[in-house]
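Peer 1: Take this structure first; my questions come after.
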Amino acid sequence: MNRLPMCEEECVHESAVAATKCGMLEEGEYLDLADLFKLFGDPTRLMILHALEQQELCVCDLAALLNLTKSAVSHQLKGLRLANLVKFRRDGQNVYYALADGHVRSIIDIGLEHLHE
């Protein structure tokens, strides 16, 4: 089994630890961040987000595009909406979804860029 390289002797660099500790967040913020990244951990949600990166779409459009039921798409959109990753607007009887802001686009684009390097 390949092991990752590790220190061969115990040697804590106190100044580095102290300096890094100043830049760390509260534990609750890491929990919130982990929850956010969990939403990006599902292929269906990623496909929805990537589709919405292309253009604003309604649930029917997304269902047809992804070969899913409207109920399945709606369920995924609810989680994305609650996490403020998507927004919606009404136009008569239709509801259109789009990415909430440029940060969501950046997360997707950076992930894809990393994959393709």
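Here, each number is a calculation from the coordinates, and none is a lab measurement. Here the structure is a predicted model, which is why all the values come from computation and not from measurement. Here Cβ is always computed from backbone atoms with ideal geometry, including for glycine, and neighbour counts include all displayed protein chains.
Peer 1: Within the stretch 24-79, which residues are among the β-branched types (Val, Ile, Thr) and farther than 16 Å from TYR96 by Cα?
Peer 2: Selection gives THR44, THR69.
Peer 1: Still on this structure, please answer the following. How many of the residues in the stretch 26-43 are free of Cβ contacts under 8 Å to residues at least 60 places away in the same chain and touching a helix residue (DSSP H, G or I) at 6+ places or on another chain (Cβ under 8 Å)?
Peer 2: Step one: filter the stretch 26-43 for residues free of Cβ contacts under 8 Å to residues at least 60 places away in the same chain, giving 26-39, 41-43.
The next check asks that each one be touching a helix residue (DSSP H, G or I) at 6+ places or on another chain (Cβ under 8 Å); those that pass are 39, 42.
Residues in the stretch 26-43 being free of Cβ contacts under 8 Å to residues at least 60 places away in the same chain and touching a helix residue (DSSP H, G or I) at 6+ places or on another chain (Cβ under 8 Å): 2 in total.
Peer 1: Please list, ordered by residue number, the helices (runs of 4 or more DSSP H) wholly in the stretch 1-85 having 1 or more residues that are basic (Lys, Arg) and loosely packed, with under 10 Cβ neighbours inside 10 Å.
Peer 2: Values: elements: 14-22, 27-39, 43-54, 59-66, 70-82.
Output list reads 14-22.
Peer 1: Starting from residues that are touching a residue at least 24 places away in the same chain (Cβ under 8 Å), surrounded by 16 or more Cβ atoms within 10 Å (Cβ to Cβ) and not aliphatic (A, V, I, L, M), keep the ones in the stretch 86-117 and report whichever is farthest from LYS38 (Cα to Cα).
Peer 2: The selected residue is TYR96.
Peer 1: A further question follows. Could you tell me whether any residue of the stretch 75-84 is touching a Lys or Arg at 6+ places or on another chain (Cβ under 7 Å), touching a residue at least 40 places away in the same chain (Cβ under 8 Å) and farther than 20 Å from LEU36 by Cα?
Peer 2: no
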